[in-house]
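Working notes, beginning with the structure itself.
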Amino acid sequence: MPKPNIPFMPIPLDWFQSRYTNKSRLLAVLLPLMVASGCGDQDKPAQAVSRPVKVFRIQDHVATSARNFAGEVRARIETPLSFRVAGKLLERKVDVGDRVRKGQLLAILDGNDYHLAVQSLKAQLASAQADSNFLRDDLVRYRELLAQQVISPPEFERHETAYTAARERTAALEAQLGEALNQLSYTELHADRDGVVTALAVEAGQVLAAGQAVVTLAQLDEKEVHFDVPEHRLSEIRRQQDVNVSLWSDDNRRIKAKIREIASAADPSSRTYRAKATLLEGLEAAQLGMTATVQLAANTVSGIAIPLSAIYTRQNQPDHPLVWQVDEQSATVKSVPVKLGETLAGERIAVEGLAAGQLLVSAGVQRLAEGQAVRLPAENALGTHGATEGSL
């Protein structure tokens with residue numbers, strides 16, 4: 001179908017000018033309104049969102065706490081016994097836990113070599129004594145000959161010297177024989193006191209060196225508790241201090257004890273100081289190796305004590321503890337630096353830098369910001385002994 005011929009009609013220039021002028025006027029009117037509206041939305045400060053918080057009011061606090069240290073019941077005198085000579089262990093007469101008496105036989109070494117040494121020295125001593133006796137009688141005859149001037153003085157002195165040498169050699173062999181007899185006796189290990197065997201280090205058939213530990217013997221007449229004290233608690237204990245000891249087997253009973261010894265240097269691995277408390281009673285109940293708890297009474301007076309949950313630190317300042325203090329007038333929080341003291345019972349800690357009556361946030365402290373608005377609980381729900389029921 002052929003397209004219809006539409007005649008071209010030129011648009012007058014006045015029409016464009018009128019349209020452009022009207023549009024410009026419209027933009028001139030709308031643009032200030034749009035700019036004012038946009039600027040108004042951006043410049044209007046956002047309303048701060050207040051968070052509900054769990055708070056508590058500080059009060060003066062006096063705490064009396066007891067320090068507990070885990071320890072072990074040990075004998076005050078615990079001696080490792082050993083043979084004074086080397087040899088092969090033939091027999092062990094005791095086991096761990098056996099009670100022994102003074103002089104009781106504990107172990108035996110193979111003493112064949114020592115028996116042979118004794119026999120050899122006895123034979124040498126017998127020969128030396130025979131020589132000494134002969135030279136002694138011979139010296140008597142030469143003394144008579146000297147008196148009759150049959151022999152010269154030098155000849156008599158030669159015989160006298162020979163007798164003296166034989167006599168001293170006999171004395172030396174007697175000493176060696178005594179030493180050999182002692183070594184033979186050392187092949188038997190005897191208890192040097194009453195006690196109980198707490199450890200065995202060897203078994204039959206083992207070749208031992210002189211002085212090698214064989215049996216550990218503990219005396220039962222004196223018992224004590226060994227426990228480790230951290231270095232920041234070392235100032236709380238002293239020698240001759242009275243303490244209480246409780247055994248894990250009977251936690252309700254308190255046994256009196258007294259601090260006998262405090263190590264002068266810290267253990268290189270644990271960095272703690274070993275302390276020893278002598279038991280003054282209950283020796284029969286306190287068996288060796290039992291777990292014990294040493295209780296040291298420590299009266300701690302702290303002006304301010306707050307929950308541990310109220311303490312927080314910033315990431316860039318981990319060594320500077322802070323708390324959030326609530327401004328009750330503006331209902332905002334601000335950070336306050338504090339100095340931490342000792343930890344108290346009930347998950348509380350002593351602090352410095354605060355005053356009684358201040359209101360602190362006790363939970364969710366990591367989610368607050370400086371000057372942030374918070375929503376406080378009702379006044380009747382706010383106590384002085386702990387936190388309120390609100391939460392972050």
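The values are calculated or read from the model by the stated rules, or taken from the named source; none is laboratory data. As the structure is a prediction and not an experimental result, all values here were calculated from the model. Cβ coordinates were reconstructed from backbone atoms using ideal geometry, including for glycine residues, and neighbour counts include every protein chain displayed.
For this structure, a couple of remarks:
- Unmet criterion (only one of (1) outside any strand (DSSP E or B); (2) among the β-branched types (Val, Ile, Thr); (3) at pLDDT below 90) for Thr64: (1)
- Filter result for Arg239 (loosely packed, with under 13 Cβ neighbours inside 10 Å, farther than 30 Å from Lys93 by Cα and not assigned by TED's automatic domain parsing to the domain that holds Lys102): yes
- Count of the range 342-365 residues, restricted to those that are at pLDDT below 80 and out of contact with any Leu (no Cβ under 8 Å at 6 or more places or on another chain), is 4.
- Odd one out for Leu89, checked against (1) assigned to a helix (DSSP H, G or I); (2) surrounded by 17 or more Cβ atoms within 10 Å (Cβ to Cβ): (1)
- Among residues of the range 328-364, those that are assigned to a strand (DSSP E or B), touching a Ser or Thr at 6+ places or on another chain (Cβ under 7 Å) and not hydrophobic (A, V, I, L, M, F, W, C), counted: 2
- Within the range 194-223, the set of residues being charged (D, E, K, R) and crowded, with 16+ Cβ neighbours inside 10 Å comprises just one member, Lys223.
- Identity of the residue in the range 283-304, closer than 10 Å to Val73 by Cβ and surrounded by 14 or more Cβ atoms within 10 Å (Cβ to Cβ), that ends up modelled with the highest pLDDT: Ala292
- Against the test of being farther than 17 Å from Leu177 by Cα and buried (at least 16 other Cβ atoms within 10 Å of the Cβ), the options Ala147, Ala107, Ala117, Ala128 yield a single qualifying residue, Ala107.
- Exactly one residue among Thr332, Thr388 is crowded, with 17+ Cβ neighbours inside 10 Å and modelled with pLDDT of 85 or more, and that residue is Thr332.
- Residue list for the range 253-287, filter: in a strand (DSSP E or B) and of a type in the set (Ser, Thr, Tyr): Thr272, Tyr273, Thr278
- Checked against (1) in contact with a Phe, Trp or Tyr (Cβ under 8 Å, 6 or more places away or on another chain); (2) crowded, with 17+ Cβ neighbours inside 10 Å, Ala266 passes all but a single condition, namely (2).
- The number of residues in the range 237-250 being in contact (Cβ under 8 Å) with a residue 40 or more places away in the chain and in a strand (DSSP E or B) comes to 5.
- The conditions of being free of Cβ contacts under 8 Å to residues at least 60 places away in the same chain, in contact with a strand residue (DSSP E or B) (Cβ under 8 Å, 6 or more places away or on another chain) and exposed (fewer than 15 other Cβ atoms within 10 Å of the Cβ) are met by Thr313.
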